[in-house]
Amino acid sequence: MPILFAGTSMADFDLLGGTRDVGTGSTTRSPNVIESVYGQGGTARNRAIFAAPATEFWLTAYLYTPSTGYIGSNIGLSLSSSTGADVFALYSPTTATNIYAALADGSSFQPAGSSFAFASALCRIDLYYKLSATNGRFSLYRDGTLIKDFTGNTNVVGAPDISRLDFRSFSGNGMYFSAVIAHTEDTRRLDMVQLLPNGDGTQTEWMGNYQAVDETGYSDTDIISSSSAGQVETFLLPDLPAGYSSFSIAGVVLGMRAQGSGSPGEIRGVARISGVDYEQAPVSPLQPGWGPHKVIFENNPASAARWTQADINAAEFGVKSV
């Protein structure tokens, strides 16, 4: 599964600590998405869960720190395993305005080499990570320029994999992040476009309509709901920007927040193409509390071929209760 994670909204991440808000200003997000996540203060912690554990992958994100007033031992982002072990972090161990790439040793993060500057302006990072005690490597790029390259033991704690990504903040003033993609392929060639529903589709069997799910951020009271298994709800989306007509599309990721108990207790992603509903793997089981869920359509399910811009523009996307 090449796409391990893709998200840019608060709805895409679990909040493990602190507070957060939605960012929509152009200086706080990738130019191709509608929103960013603002982790407020130095204690905010937003977690992304990979679709499958990985030992070698790429990660990209846009970051904006309103101030370079770093706080000692503040972690901007970190990687951890399916067993919960911390593995890697970008953090500021002093009050200086520099950042370190660091490896976890079981009790703390130890810098791997010298520090580097990290300006407060919006920037894009791409990180390659290979987890290995003998031939590991990580390479960090900022706006396409390599700023850190390390080879050696990248698995000091003996983790079995990496499956979790946490965004925190280098600064007490918080940090914005957006257009986050984890992928088994080089993310320097990838970009994210975010689309929100702008109309009801053909299938309208759930309670509520697109206006309950068309906002940035999220509301756990403005919702759609299903009380019976087998109900389908699809939505219309804006067309992809014309400038992407020549791009190869790596996949479509449906992001949602959901909860459920009893029956129906599962949901499936739906792509409706030429009047046919194609379902993707169930989210099983749903939990009583609200949480983020992802459904990934890497190829057009009607043809098993790569998506084209025309395919996506003509399709409806939504959910089915199971």
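Straight-line cross-link partners of K130 among the aspartates and glutamates, defined as a Cα under 14 Å from its Cα and at least 8 positions apart when in the same chain: E56, D149, D161, E185, D186. Placing +1 on the Cβ of each Lys and Arg and -1 on the Cβ of each Asp and Glu in the chain, which of P160, G255, A117 has its Cα farthest towards the positive end of the resulting dipole? The residue sitting most towards the positive pole is A117. In the context of the full protein assembly, D200 retains an accessible surface of approximately 60 Å², using a probe radius of 1.4 Å and ignoring ligands and nucleic acids. In this calculation the C-beta distance from A121 to A314 is compared with R0 = 41 Å, giving a FRET efficiency of 0.60. For the chain, carbon and sulfur atoms together expose 48% of the accessible surface, with a 1.4 angstrom probe and every protein chain in place.
The string of couplings for segment 263-275 from the Karplus curve (6.51, -1.76, 1.60, θ = phi - 60°) is 10, x, x, 9, 9, 10, x, 10, 10, 9, 10, 6, x Hz, one whole number per residue in order, with x for Gly and Pro. Our note on the geometry: Cα centres of segment 150-168 and segment 106-149, 12 Å apart. Relative to the current alpha-carbon distance between T43 and S246, full extension at 0.36 nm per residue lengthens the span by 68.9 nm.
Measuring with a 1.4 angstrom probe and ignoring ligands and nucleic acids, I49 comes out at about 90 Å² accessible.
Modelled spin labels at D149 and S228, positioned 7 Å past Cα toward Cβ, are 6.2 nm from each other.
Looking at the chain, the DSSP beta bridges with both ends there are about 100 percent antiparallel. Taking Cα centre as origin and charging only the Cβ of basic (Lys, Arg, +1) and acidic (Asp, Glu, -1) residues, the dipole magnitude of the chain rounds to 840 debye. Phi-derived couplings, Karplus 6.51 cos²θ - 1.76 cosθ + 1.60 at θ = phi - 60°, listed residue by residue for segment 244-261: 9, 4, 9, 7, 7, 8, 7, x, 10, 10, 8, x, 7, 10, 8, 8, x, 8 Hz, with x used for Gly and Pro. Between Y278 and D21, residue separation times 0.36 nm minus the direct Cα-Cα distance comes to 89.1 nm.
Summarising the label geometry, the points placed 7 Å from Cα in the beta-carbon direction at S132 and E185 lie 2.3 nm from one another.
Charge dipole (Cα centre; +1 on Lys/Arg Cβ, -1 on Asp/Glu Cβ; no other charges) of segment 205-322 amounts to roughly 280 debye.
The values are calculated or read from the model by the stated rules, or taken from the named source; none is laboratory data. Here the structure is a predicted model, which is why all the values come from computation and not from measurement. As a convention, Cβ positions derive from the backbone with ideal geometry for all residues, glycine included, and neighbour counts pool all protein chains shown. The area values use the complete protein model at the heavy-atom level, side chains included, leaving out ligands, DNA and RNA. Shrake-Rupley method; radii C 1.70, N 1.55, O 1.52, S 1.80 Å.
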